[in-house]
Amino acid sequence: MPFDVLEFPDASRMDRAATRQSRRLVAIWLFGVAGMIMVMIVLGGVTRLTGSGLSIMEWAPIIGALPPAGEAEWQRLFELYKQIPQYSLVNDGFGLDGFKQIFWLEWTHRLWGRLIGLAFLAPMIWLWATARIEVRLLPRLGLLLLLGGLQGAVGWFMVASGFLPDATSVSPYRLVIHLVLALVLYGTIIWTALSALYPSRHRMAVSGWVYGLAIGCLAMVSLTILAGGFTAGLHAGLTFNTFPLMDGSLVPDGYATLQPLIRNLTENVAAVQFDHRLLATVTLLLVSGMAVAGWRAGLPRPLAVCLVAAVLCQYGLGVTTLLLAVPVPVAALHQAGAVVLLTVMLVVVHLLSHAPNRRADLQAPIEMPVT
């Protein structure tokens, strides 16, 4: 039964928030919001893959939550869409029915974002009013609320780049900014939920190099996802659809054709895809090694197995997406797999970060959290 403040009128707010029941409620709420963000990230990927993201040319945070009312409103929205280059260069002549298909996908994407905001704000107010949130978490939750609002503005900033002359899709740079902010929100919420569920007094002993390796793996997973954002933004997966070589070469022709050379990392299709492949392969090796080292150091075996399974599945999905020239269902699974891998790495790092003595022997036992 949930902890009821009214049953303990003399207890302090701090004592109420620190109870096991209160911490579980906060963790369940945050994990639920994180799950919604994961769905949002996958929905965003599908809207990009189908070209649906530019179908709504108005940013109406409140009124936009309502679907079009009547045929006249549909025609008005369709006429607005006809004004952008994507219609004339990609979808010319696909008619109102075709427009409705891409419109509903983008509308669902935006509606889901509004629901995430509601799912975060309403329970937070209730949990705070009933003294179930620990004071140490409040600044972070307030920051997350602000970042969530910023994400909506960044989303429109990204979409607006697709309305420019000769543009048929959004700017890869703005796409990556939007993706990174979504992942920062997601990762911070997961970390906060874990911190609520497993306070710092629950510890395990692990050697410093294992913890350092885990941090390095988390950084590599994040960097690979970032490179994947540029790969998606440039539609780089539609070229060099061979593996492991790129049209017969380890390093593709034209890897460094842009000046200054740094532009090749974000604007050269050949370089962007090669870099994503390379980072993914390094991540596969590092994370697999991390799972083995962590297990030998005392990391719970199910967690180590999940880590290996997540990185292997994600790598396999990446290769499949490439070889099949980016089919929407497989590409969406690949994007979801990236979030799953990031999640498992966050859980591992959070567990290892509570080590009181990182010089401890590799065989030191783990004191598992008591919930």
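For the structure I just gave you, tell me whether Leu194 is within 30 Å of Leu146 (Cβ to Cβ) and either touching a helix residue (DSSP H, G or I) at 6+ places or on another chain (Cβ under 6 Å) or at pLDDT below 95 (or both). Yes, satisfied.
Rundown of residues vs (1) part of a helix (DSSP H, G or I); (2) free of Cβ contacts under 8 Å to residues at least 60 places away in the same chain; (3) among the acidic types (Asp, Glu); (4) outside the structural domain of Pro61 (by TED's automatic domain parsing), yes/no style:
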position	(1), (2), (3), (4)
Val154	yes, yes, no, no
Phe157	yes, yes, no, no
Ile177	yes, yes, no, yes
Gly187	yes, no, no, yes
Ile190	yes, no, no, yes
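Would you call Trp29 assigned by TED's automatic domain parsing to the domain that holds Thr130, in a helix (DSSP H, G or I), of a type in the set (A, V, I, L, M, F, W, C) and surrounded by 14 or more Cβ atoms within 10 Å (Cβ to Cβ)? Judged against the criteria, Trp29 is a match. So for the range 351-363 (the condition being assigned to a helix (DSSP H, G or I), modelled with pLDDT under 95 and not small (Gly, Ala, Ser)), does at least one residue qualify? Within the range 351-363, one or more residues are assigned to a helix (DSSP H, G or I), modelled with pLDDT under 95 and not small (Gly, Ala, Ser).
Can you report the number of residues in the range 32-58 which are touching a Phe, Trp or Tyr at 6+ places or on another chain (Cβ under 9 Å) and either closer than 13 Å to Phe163 by Cα or of a type in the set (Ser, Thr, Tyr) (or both)?
Count: 5.
Within the range 104-130, being surrounded by 14 or more Cβ atoms within 10 Å (Cβ to Cβ) and among the aromatic types (Phe, Trp, Tyr) holds for Trp104, Trp107, Trp112, Phe120, Trp128. Is it the case that Glu73 is surrounded by 12 or more Cβ atoms within 10 Å (Cβ to Cβ), more than 25 Å from the chain's Cα centre (by Cα), of a type in the set (Asp, Glu) and at pLDDT 90 or above? Yes. Residues in the range 50-105 that are in contact with a Pro (Cβ under 8 Å, 6 or more places away or on another chain) and touching a residue at least 60 places away in the same chain (Cβ under 8 Å): Pro85 alone.
Residues considered: Leu322, Leu307, Leu317, Leu278. Of these, the only one that is crowded, with 20+ Cβ neighbours inside 10 Å, closer than 18 Å to His235 by Cα and either at pLDDT 95 or above or among the polar types (S, T, N, Q) (or both) is Leu322.
Please go through the range 76-104 and pick out each residue that is hydrophobic (A, V, I, L, M, F, W, C) and out of contact with any helix residue (DSSP H, G or I) (no Cβ under 9 Å at 6 or more places or on another chain).
Hits for the range 76-104 are Leu80, Leu89, Val90, Trp104.
Of everything in the range 47-70 that is part of a helix (DSSP H, G or I) and small (Gly, Ala, Ser), the residue that is surrounded by the fewest Cβ atoms within 10 Å (Cβ to Cβ) is Ala65. Within the range 76-103, restricting attention to residues that are of a type in the set (A, V, I, L, M, F, W, C), over 19 Å from Pro165 (Cβ atoms) and at pLDDT 90 or above, which residue is surrounded by the fewest Cβ atoms within 10 Å (Cβ to Cβ)? Checking each candidate, the answer is Leu96.
Can you find a residue that is in contact (Cβ under 8 Å) with a residue 12 or more places away in the chain, of a type in the set (Phe, Trp, Tyr) and assigned to a helix (DSSP H, G or I) anywhere in the range 119-130? Yes, the conditions are met somewhere in the range 119-130. Just so you know, in the range 63-90 the residues that are in contact with a Lys or Arg (Cβ under 9 Å, 6 or more places away or on another chain) and not aromatic (Phe, Trp, Tyr) include one that is farthest from Gly117 (Cα to Cα), and it is Ser88. Of the helices (runs of 4 or more DSSP H) lying entirely inside the range 192-300, the ones with 2 or more residues being under 30 Å from Arg20 (Cα atoms) are found at 208-233, 269-296.
The values are calculated or read from the model by the stated rules, or taken from the named source; none is laboratory data. None of the values given here were measured: they were computed from a predicted structure. When we count neighbours, we look across all protein chains shown, and the Cβ atoms used for this are built from the backbone with ideal geometry, even at glycine.
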